[in-house]
1. Would you please state the base-10 log of I(q)/I(0) at q = 0.15 1/Å for region 10-147, with intensities from the Debye formula using one equal scatterer on every alpha carbon?
2. Could you tell me what percent of the accessible area of region 221-325 is made up of carbon and sulfur, with a 1.4 Å probe and every protein chain present?
3. Estimate the FRET efficiency between Asp46 and Ala374 by the formula 1/(1 + (r/R0)^6), using the beta-carbon distance for r and 56 Å for R0, to the nearest 0.05.
4. Take Asp242, project a point 7 Å from its Cα along the Cβ direction, then tell me which residues of region 350-384 have their backbone nitrogen under 16 Å from it.
5. Would you mind listing how long region 213-290 runs along its three principal axes, going by Cα atoms, in whole Å with the largest first?
6. Using a Förster distance of 51 angstrom, determine the FRET efficiency expected from the C-beta separation of Ala298 and Arg213, and round it to 0.05.
7. Could you compute the FRET efficiency for Arg17 and Leu163, with r as their C-beta to C-beta distance and R0 at 25 Å, rounded to 0.05?
8. Which value in Å is the Kirkwood Rh of region 303-382 over different Cα pairs?
Amino acid sequence: MSGTTAPPPPEPLTAPRRARASIALVFCVHGAVSGSFVTRIPWIQDRLDLSTGQLGLALVMPAIGSSLAMPLAGRFVHRYGGRAAVRGLISLWCLALALPALAPSLPVLCAVLLVYGATAGMADVAMNAQGVEVEERLGRSIMSGLHGMWSAGGLLASGFGILAAHLDLDARIQLAVTALVLLALAQPVCRGLPDIRAHEGAEEPPRFALPPRSSLVIGLVGFCAVFAEGASMDWSGVYLRDVTGASATVAAASYTAFSLTMAVSRLAGDAAIRRLGAVRATRIGGAVATVGGLLVVAADSPALAIPGFALIGVGIAVIVPLAFAAAGRIGTNPSQAIAGVATVTYTSGLVAPAIIGALAQATSLTVSFGLVTALTCALLLSAGALRLAERNSTGENVTAMSPEKPSGKDLSSI
């Protein structure tokens, strides 16, 4: 553009607001798919007569599928644009929800869950990259709230799933109907997303590429947070029952309580991030989670352990959203960096329950949560890696949203 050409007038503020609402609802739909599936896992196990070990093998497949497919998301965004890529990938993820309940055997279930995880991972990368772009254009932090919407969608959908299980509804019917409903909801939601495209002549990203080193450092911060999250969600009930002597009812309610704490903290987290900045918010969160871990380790009754798990949830709630936000601002191909961070964090969620179980078998659950506490403490030292997430977090440098205008950076990035 020459120096004499006037810049186009900025779009009204309603455009970025609409984009924010749209991407928030995309996160909600993604979470609802996950929440719907989790509640019907016992039905699938009973139908196929799977042992605990066989079910564990099957449930590893989504994480493997996600890790393998995440690098492909950038190519979809580059080729089709941000809006179409998110719409297509979230649609595939919704449809994949119907598949696990239809599997007639363990090998087929493993194959189906591999596909299920692949669609989840690609949609995850595309929508997080879109969220980073909307956050950048708005000029203030929104990623924590977006992940809060994911948690809220999962909680809402799990409630319907629990009701369906209570009514003894066939999971094949329930998941198929839920998949179609969520698919229908996703289509109008995606219309509000910005359709930002790669600049002319931009090179298409490779099918598979190693993430940049800078994203691995950020990923390690996410690893610590997700390890604590996975350990708490999967083992809090067992810890309350076996270590503190809690009743079966209290132990069973621990997952829902922890998830609710995470959702509320993430929905409220953006205000704290705008006030404190990403690095300080991460350090304070790490300190809160560490205090929670110490309470859990010291607990000899549910009255001490339950607040401890709650503090872990509050402390780590905003850290993964901040990790994605920081990764989305690395170099010319942020989607590759986001995929790298997502792969590391998914791996953490995969290995955390197994490591906690193995360490508890060799020593005790108390020692296992000593490891969790050490990892949350590490967040105090590693928080500086998220400094890139502070860009525009205070509302400065707000730019107008131009959905149809080509971006100056490679749109494999968004």
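The values are calculated or read from the model by the stated rules, or taken from the named source; none is laboratory data. Since the structure is predicted, the reported quantities are computational estimates derived from the model, not experimental observations. All Cβ positions, glycine included, derive from the backbone under ideal geometry; neighbour counts span all protein chains shown. When the accessible area is computed, the model is the full protein with side chains, heavy atoms only, and any ligands, DNA or RNA have been set aside. Shrake-Rupley method; radii C 1.70, N 1.55, O 1.52, S 1.80 Å.
1. For the requested q values the scattering log ratios are -0.75.
2. About 68 percent, which is the carbon plus sulfur part of the accessible surface.
3. Values: r = 38 Å, r/R0 = 0.68.
So, using R0 = 56 Å, E works out to roughly 0.90.
4. 352-372
5. 43, 29, 17
6. Details: r = 38 Å, r/R0 = 0.75.
So the FRET efficiency works out to roughly 0.85.
7. Working: r = 34 Å, r/R0 = 1.35.
Calculated value: 0.15.
8. Values: mean 1/r = 0.0691 Å⁻¹.
Its Kirkwood hydrodynamic radius stands at 14.5 Å.
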